[in-house]
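To start, the structure itself, in structure tokens.
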Amino acid sequence: MKILVTGFDPFGGETVNPAYEAVKLLPDTIAGAQIIKLQVPTRFALSGTVLEAAVNEHRPDAVICVGQAGGRSAITPERVAINLADASIPDNAGDQPVDEPIRKDGAPAYFTSLPVTAIVQKRKKKKKMRAAGIPAALSYTAGSFVCNSLMYTLLYLIDRQYPAMRGGFIHVPYAMEQAVSKPLGTPSMELHQIARGLALAVEAVVENERDLTVNR
């Protein structure tokens, strides 16, 4: 089994992005699955192109995209991506779309095909994030910036070209070193803890065909 795990490069004035920094810490094999790691640019147009090229090259069984969600205090697998690009800040190429569809021929939204319930909590007596003491929660909004755009592009690709492939998105908090320069009380998480949570997410993908709570 092959699982492609992606993380973004730094954006918005940050010098690191905890998404890819944590992805880099993952072992090359988890629960028998080969882990392919990929950095994607925080750019609306290019991120999807880079992802699609990697999918075409590696033909993974599943794809987990990871992004930073500053202000969140837990690792949050996303339920749904919407067909909307609406940026409050420019991406790393200076693009700032407002109220634009990501794919004009795409559905209004796509649900993840990852077992997000199993990723977050204990299921079938196997330890996942919460059971392992890692703050985690399901999220019902991936926003409207590049994270949502990449998740939507991935699920569009699955819908149109790779129906047997599973995919979805996980948001992670700021790394602890990022919080040093932010207001007191800004949530953060240690990078190795983030990586530990992502490894458990991979285990859940290996162990569960898909989330039983989502009809697909």
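Residue-wise test of (1) under 27 Å from P27 (Cα atoms); (2) surrounded by 15 or more Cβ atoms within 10 Å (Cβ to Cβ).
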site	(1), (2)
F145	no, yes
I170	yes, yes
Y174	yes, yes
Q178	yes, yes
L184	no, no
P187	yes, yes
A199	yes, yes
E203	yes, yes
V206	yes, yes
Report summary line: A31: passes all of (1) aliphatic (A, V, I, L, M); (2) under 17 Å from the mean Cα position of the chain (by Cα); (3) open to solvent by 40 Å² or more (accessible area, probe 1.4 Å) but (2)
Query raised in the report: Only one residue in E57, E52 is at pLDDT 95 or above, open to solvent by 20 Å² or more (accessible area, probe 1.4 Å), acidic (D, E) and farther than 24 Å from V116 by Cα. Which one?
Result: E57
Query raised in the report: Just checking, how many residues over segment 68-88 are open to solvent by less than 70 Å² (accessible area, probe 1.4 Å) and assigned to a loop (DSSP other than H, G, I, E, B)?
Result: 10
Query raised in the report: Counting only residues that are assigned to a helix (DSSP H, G or I) and over 25 Å from S139 (Cα atoms), how many does segment 27-45 have?
Result: 0
Query raised in the report: Does L26 satisfy being open to solvent by less than 20 Å² (accessible area, probe 1.4 Å), in contact with a Lys or Arg (Cβ under 8 Å, 6 or more places away or on another chain) and either acidic (D, E) or touching a residue at least 24 places away in the same chain (Cβ under 8 Å) (or both)?
Result: yes
Query raised in the report: Is it the case that S113 is within 30 Å of P187 (Cα to Cα), open to solvent by 70 Å² or more (accessible area, probe 1.4 Å) and among the polar types (S, T, N, Q)?
Result: no
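The values are calculated or read from the model by the stated rules, or taken from the named source; none is laboratory data. Source: prediction; values computed, not measured. We place every Cβ from the backbone using ideal geometry, glycine too, and count neighbours over all the protein chains shown. Surface areas here come from the heavy atoms of the whole protein model, side chains and all, with no ligands, DNA or RNA. Shrake-Rupley method; radii C 1.70, N 1.55, O 1.52, S 1.80 Å.
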